[in-house]
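The values are calculated or read from the model by the stated rules, or taken from the named source; none is laboratory data. From a predicted model like this one, the values you see are computed outputs, not experimental measurements. Backbone-built Cβ (ideal geometry, glycine too); neighbour counts: all protein chains shown.
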Amino acid sequence: MAAFYELSARKINGEDVSMADFAGKVVLVVNTASDCGFTPQYKGLQELYEKYHDQGLVILGFPCNQFGGQEPGENAEIAESCQLNFGVSFPMFEKVDVKGPESHDVFRFLTRALPGLLGNQVKWNFTKFLIGRDGKPIKRFAPTKKPQVLERDIIRALRA
């Protein structure tokens, strides 16, 4: 299994990014969707990002259309919606698959490291994965867990 920092992804603007760029940071990876009942979590994620970014927190949003077709838009449309509706300023990535044979390497790595109720799969939109400053996955959070519930775990990881 590849280490987190050996992986890469393409930002929503098409720029290739190595996860090594986030070495030494606490990273929260979230699969997102614009038309989901959990979409209002963008607001809470942005609040966490603003509150803890200077201490080393980075949130990485990965739009996905695999759950109920709830992310039908193109990348530019998704980026605009996130910015206009929720003021998202944390890094957003191109739309990816998070489960199945075409799942993105980031999610393949995270689901193997932190299996959930469905084993090595993501259950639904807004599943969250917390990664420590050393690149090791710490904890997985269900889609129903609101961002503010993660705060204690984020603080602990930032202090480690």
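Residue 154 satisfies every condition listed in (1) modelled with pLDDT of 95 or more; (2) closer than 17 Å to residue 31 by Cα except (2).
Considering only residues of segment 133-153 that are part of a strand (DSSP E or B) and without any contact (Cβ under 8 Å) to a residue 60 or more places away in the chain, which is nearest to residue 86 (Cα to Cα)? Among those residues, the one meeting the criterion is 141. Within segment 120-135, is even one residue among the basic types (Lys, Arg) and under 17 Å from residue 27 (Cα atoms)? Yes, some residue in segment 120-135 is among the basic types (Lys, Arg) and under 17 Å from residue 27 (Cα atoms). Filtering 96, 122, 106 for residues that are β-branched (Val, Ile, Thr), surrounded by fewer than 21 Cβ atoms within 10 Å (Cβ to Cβ) and outside any strand (DSSP E or B) leaves a single hit, 96. Within segment 34-46, residues that are of a type in the set (A, V, I, L, M, F, W, C) reach partners that are assigned to a helix (DSSP H, G or I) with beta carbons closer than 7 Å, at six or more positions or on different chains, in the pairs 45/147. All of 114, 130 fail the test of being of a type outside the set (Phe, Trp, Tyr) and free of Cβ contacts under 8 Å to residues at least 60 places away in the same chain, apart from 114. Scan segment 1-37 for residues that are more than 16 Å from residue 91 (Cα to Cα) and buried (at least 18 other Cβ atoms within 10 Å of the Cβ) and the total you get is 2.
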